[in-house]
Amino acid sequence: MSRPLPDPAALPPLGSVARSAMLLRAFPLEQTDPAAFYSLLAADSVRQVAHYQPLAGLTLLDVGGGPGYFADAFRAAGARYVGLDADVGELSLHGRSVARDTVLGSGLQLPFRDGALDVCYSSNVLEHVPQPERMADEMVRVTAKGGLVFLSYNNWLAPNGGHETAPWHYLGGRYAADRYASRQGKRPKNEYGTSLFRTSVAQMLRWTRDRQRAGVVQVVDVRPRYHPDWARWVVAVPGLREVVTWNLALVLRVPL
């Protein structure tokens, strides 16, 4: 069931410890009160994107947008929202109706022409595709010159990298999925090797450097998405970043 969006002005400042603490407290609500969790996450995410690019009047594609919480929040910020998801079931989760201006399609082959969108956004989808670099390339392709790409994802070696099978994914993705199935009596939604893959911080940093050198993108920001500003440095430390980043945000601009 839907609920009113949180007031962005009432949320703790971006980059603050208070914001990180708020999100940490909210994560357990994903299973027990998804409307509260996703409404809060959507409001915070829109505020984060708007920090880099004012959204009013711009056309924004949300790759893997799901059941409409992010659609509500982006529209409230003045964006012309277009959602894309590969699974019609995802679009109607938690009793939500399918958001208008939403299409079915794959992040690996976005059904939009080159440069069609002002902003291309994706949250926690990249780890669910077998070719993350290809999805990132597609997001850049459909973004207009001067437009913004905001791409964030959960990295595999983070404590939450196995999603509902964590922390047993540290002993292997197959083991974690089988262990979950034996205890829950059903296979996990995020099945390793099928709908959940090993995506690292280093992997997408390499992609970012390669595309920047080729002049395809300009790097605006690279940061742990949910951490306070003082913890940005963890992304620069090989090994450590794979465990403590939790969720990497790549903020890129397509050159004019």
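On the given criteria, is Asn154 crowded, with 21+ Cβ neighbours inside 10 Å and within 25 Å of Ala26 (Cα to Cα)?
Criteria met by Asn154.
Does Arg134 meet the test of being among the basic types (Lys, Arg), at pLDDT 95 or above and buried (at least 16 other Cβ atoms within 10 Å of the Cβ)?
In short, no.
Which one of these is in the same structural domain as Pro228 (by TED's automatic domain parsing), buried (at least 17 other Cβ atoms within 10 Å of the Cβ) and at pLDDT below 95: Ala36, Ala42?
The conditions single out Ala42.
Enumerate the pairs (first residue in the range 7-31 and touching a residue at least 24 places away in the same chain (Cβ under 8 Å); second residue anywhere and among the small types (Gly, Ala, Ser)) with beta-carbon separation below 7 Å, excluding pairs fewer than 6 apart on the same chain, so at least 6 apart or on different chains.
Qualifying pairs under 7 Å: Pro8/Ala43; Leu11/Ala43.
Please go through the range 141-185 and give me each residue that is touching a Gly at 6+ places or on another chain (Cβ under 9 Å) and closer than 30 Å to Pro255 by Cα, ordered by number.
Passing the criteria: Arg141, Val142, Thr143, Ala144, Lys145, Gly147, Asn154, Asn155.
Cβ contacts < 9 Å: first residue touching a residue at least 24 places away in the same chain (Cβ under 8 Å), restricted to the range 238-255; second residue surrounded by fewer than 17 Cβ atoms within 10 Å (Cβ to Cβ) and of a type in the set (D, E, K, R), any location; separation 6+ or different chain. Result?
Taking only residues 6 or more apart or on different chains, the pairs are Ala249/Asp221; Leu250/Asp221; Val251/Asp221; Leu252/Asp221; Val254/Lys145; Pro255/Lys145.
Within the range 137-182, track down each residue that is part of a helix (DSSP H, G or I), farther than 29 Å from Leu117 by Cβ and modelled with pLDDT under 95.
Hit for the range 137-182 is Glu164, nothing else.
Condition test on Tyr175, is it aromatic (Phe, Trp, Tyr) and free of Cβ contacts under 8 Å to residues at least 12 places away in the same chain?
Yes.
Search the range 212-228 for residues being surrounded by fewer than 17 Cβ atoms within 10 Å (Cβ to Cβ) and touching a strand residue (DSSP E or B) at 6+ places or on another chain (Cβ under 8 Å), and hand back the single one that is farthest from Gln53 (Cα to Cα).
Gln212
Condition test on Phe74, is it more than 26 Å from Lys145 (Cβ to Cβ), in contact with a Leu (Cβ under 8 Å, 6 or more places away or on another chain), at pLDDT 85 or above and not small (Gly, Ala, Ser)?
No; evaluated as a whole, the condition is false for this residue.
Starting from residues that are closer than 14 Å to Cys120 by Cβ and not β-branched (Val, Ile, Thr), keep the ones in the range 78-107 and report whichever is modelled with the lowest pLDDT.
Checking each candidate, the answer is Gly105.
The values are calculated or read from the model by the stated rules, or taken from the named source; none is laboratory data. Here the structure is a predicted model, which is why all the values come from computation and not from measurement. Note that we place each Cβ from the backbone using ideal geometry, even for glycine, and neighbour counts take in every protein chain shown.
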